[in-house]
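Here's the structure, in structure tokens; my notes come after.
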Amino acid sequence: MRYIISVLLENEAGALSRVAGLFSARGFNIESLTVAATNDSTLSRMTIVSIGDDNIIEQIVKQLNKLIDVVTVTDLTATEHIERELLLVKVDVNQQTQADIDKQIDIFSCKIVDLSEDTYTIELAGKSQKINDFLASLDVSKILEVSRTGVTGVCMKITS
Amino acid sequence: MKLNGAQILINSLKSEGIKHIFGYPGGAVLHIYDALNACNEIKHILVRHEQGAVHAADGYARASGKCGVALVTSGPGLTNAVTGIATAYMDSIPMVIVSGQVSSAVIGNDAFQEVDAVGITRSCVKHNFLVTDINDLANVVKKAFYIATTGRPGPVLIDITKDTTIAETEFIGYPESIDMRSYQPEIKIEANKITKAIALIVQAKKPIIYSGGGSVIGNADKTLSIFTRHTGFPITQTLMGLGAYPASDKQSLGMLGMHGTYEANMAMHDSDCIIAVGARFDDRITGNLDKFCPYAKIIHIDIDPSSVGKNVSVDVSIIGQVNDALSALIQALKDKQLADITQWWAQIETWRGVDSLAYQTKTGVIKPQSVIEALYEVTKGESIVTSDVGQHQMWVAQYYPFDKPRRWINSGGLGTMGFGLPAAMGAKLAAPEMDVACVTGEGSIQMMLQELSTMLQYNTPVKIINLNNGYLGMVRQWQEFFYDKRYSMSYMDALPDFVKLAKSYGHIGIKVEKELDLKPALVEAFKQKNRTVFLDILTDSTENVFPMIPSGAGHHEMLLAGRDNMASINDKGLNLV
């Protein structure tokens, strides 16, 4: 199962490495990890996507809670939630391929954020699956560079 | 009052009521040592190796229940301390380690004696701090002690840059209390969990209490005894839990697990209700998880939620202090009728009748088990006993029945050879009125020998019981059983003359080669109240620890001395250690 875990933690030096270290030390998977300060500059929000069975996720949540810097841990997948990921992808564009790429950009509602004579840099925000689908729709040989942020998410109900 | 960082640190330690620090100076901590020199309230014990400092602080903490404190310099000082820190972490020992760090201006520049202390220790501390601003220092010290001693205790490292110790600031006093939004160790016992647990307990026909280190660390021995006696249930204790409930009591089945008694392991296997108290279902305890306690409902009391459901899934989890949980259970049991367990006790007595700790004597050879029995007799079971790691450790656990907590001090989780001697020194400083024995082997003792020198300097008399069989006995035992007697690197040749060695360090050394000399030598050693005595006892070189659950087997498949064939171990078992 794929789980999205949201962690609110003290915005202290080394906090990220405590979380990353915990995952490697205990052999947990990290599919993606994003982190940034929140509106309260003393707190960071970290969103982790991990793959595992229920027991492993239970341990991950418990072990995260055990970290001294961690304030709250929420398993977003256990509640109604919204998840988003941002993609920036640079593709090779020429006269033969342009029409097709433009069509995909239109279908997936992407934005072209930069263009040069023979490249597009395309931005797409959405669920990871949508980003996967968009990338799959492109001709692999034309993809020059892919950069994804990893998932971030929030609970739909109000939490502290 | 204007103070420098070093003075603020020492003041803070004084405010925490610290009486002893174990440490070793070096460049990065020179200012701290200068401030320490001006302080009369704290006694500094100058060890001979930083690992010894941390083990000694650990032994001090285990014997007293207080927080141990160690002080080391940057770089190699810190890396030498890491084994000690990991040892304390695995056994949940409250400890604060202060390490010096190079000046903030050169951090990250590969400066002389620089290591990333916070990075290196991250996975073996409860928490750690790097202090680069003098104004944070007192608060960090307060937090460190708070974190180390509350909840599930553990070591906390404070890494302080040298410039922080030199800088000066107006010291407004040590904080009285601290509140951390991200760390709330006070946990209230959930009433509905108690109700659920009671429902299982009153129905139990084959109950057993399985108590671990949490009962010792949580100072729950009295409540545990009341609960055990009130229910009349049998109790078995882990290596770390020994002493919380008196081993000589008839309800005690002794230790369980890999080298536990037959009655304890069989009772665990057949039980229909296990009450786990401050124990974490470690692999030494459970053996093969697929075969672990197939019939039991499990109630698990633990302060650490991550211990629950980690190895074994449980039916009721009670999160909180062991003392609080047991008190709530005792209260809830007051008007309840328990099921009749006479049959169960009759079954247990049959298992007890197997006498699984019986061993064969051989004339002319000193059996290691008999040394521990003699030690028990001579000390009347009233000594603090530390141990190193290996066969001798198991023999103490089996043949020295501890009736009180904090008397048995050993590295259970990490299994650190070299722990015993410095831990004994720390324990003696914590409890000067007590006899302290360090049971060790010729392998383990050589890992921390240098502390014999510290023990002379600070007059910490300890009786060292060296079970000298010339082998790394536990390694040899596994090679005999599981590697067709290919004794690869388990034989120790060219041993020193331990008697002369002890003497050269200013202690008394006695060699014991004959059975008849054993007890008189022990009596003589304990008569020497103010001297460290090194008893080098030549024991049976091929003796093995029994009973034994081979890796991969279940509790009911244990092997008894002289009665079972050791030949079989499955591949899955070999993967375990």
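The values are calculated or read from the model by the stated rules, or taken from the named source; none is laboratory data. Owing to the predicted nature of the structure, the values given are computational and were not obtained by experimental measurement. Virtual Cβ from ideal backbone geometry, glycine too; neighbours counted across all protein chains shown.
Structure values in brief
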item: Within the stretch B:249-359, strands (runs of 3 or more DSSP E) holding 2 or more residues that are modelled with pLDDT of 95 or more and β-branched (V, I, T); result: B:273-277, B:297-302, B:316-319
item: Residue in the stretch B:34-44 that is at pLDDT 95 or above, crowded, with 24+ Cβ neighbours inside 10 Å and of a type in the set (V, I, T) present; result: no
item: Residue that is nearest to the other protein chains (Cβ to nearest Cβ), among those in the stretch A:1-24 that are assigned to a helix (DSSP H, G or I) and of a type in the set (A, V, I, L, M); result: A:L22
item: Residue under evaluation B:E168, criteria (1) within 30 Å of B:A35 (Cα to Cα); (2) buried (at least 16 other Cβ atoms within 10 Å of the Cβ), criterion not met; result: (2)
item: B:D403 vs. criteria of a type outside the set (F, W, Y) and either over 23 Å from B:E263 (Cα atoms) or modelled with pLDDT under 95 (or both); result: no
item: Residue among B:N109, B:N128, B:N139 that is within 26 Å of B:T169 (Cα to Cα), among the polar types (S, T, N, Q) and more than 9 Å from every other protein chain (Cβ to nearest Cβ); result: B:N139
item: Criterion: crowded, with 18+ Cβ neighbours inside 10 Å and in contact with a Gly (Cβ under 8 Å, 6 or more places away or on another chain) - qualifying residue of A:I68, A:I60, A:I101, A:I105; result: A:I60
item: Test: residue in the stretch B:168-182 that is touching a Phe, Trp or Tyr at 6+ places or on another chain (Cβ under 7 Å) and within 11 Å of chain A (Cβ to nearest Cβ); result: no
item: Any hit, the stretch B:258-272, residues being closer than 19 Å to B:I217 by Cβ and more than 14 Å from chain A (Cβ to nearest Cβ); result: no
item: Which numbered condition B:K310 fails, given (1) out of contact with any Cys (no Cβ under 8 Å at 6 or more places or on another chain); (2) touching a residue at least 60 places away in the same chain (Cβ under 8 Å); (3) among the charged types (D, E, K, R); result: (2)
item: Count - residues of the stretch B:193-207 that are under 10 Å from B:V316 (Cα atoms) and free of Cβ contacts under 8 Å to residues at least 24 places away in the same chain; result: 0
item: Among the residues listed as B:L467, B:L518, B:L495, the single one being of a type outside the set (D, E, K, R) and assigned to a strand (DSSP E or B); result: B:L467
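Rundown of residues vs (1) out of contact with any strand residue (DSSP E or B) (no Cβ under 6 Å at 6 or more places or on another chain); (2) within 16 Å of B:F498 (Cα to Cα), yes/no style:
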position: B:S411; (1), (2): yes, no
position: B:G415; (1), (2): yes, no
position: B:A430; (1), (2): yes, no
position: B:A437; (1), (2): no, no
position: B:G443; (1), (2): yes, yes
position: B:Q446; (1), (2): yes, yes
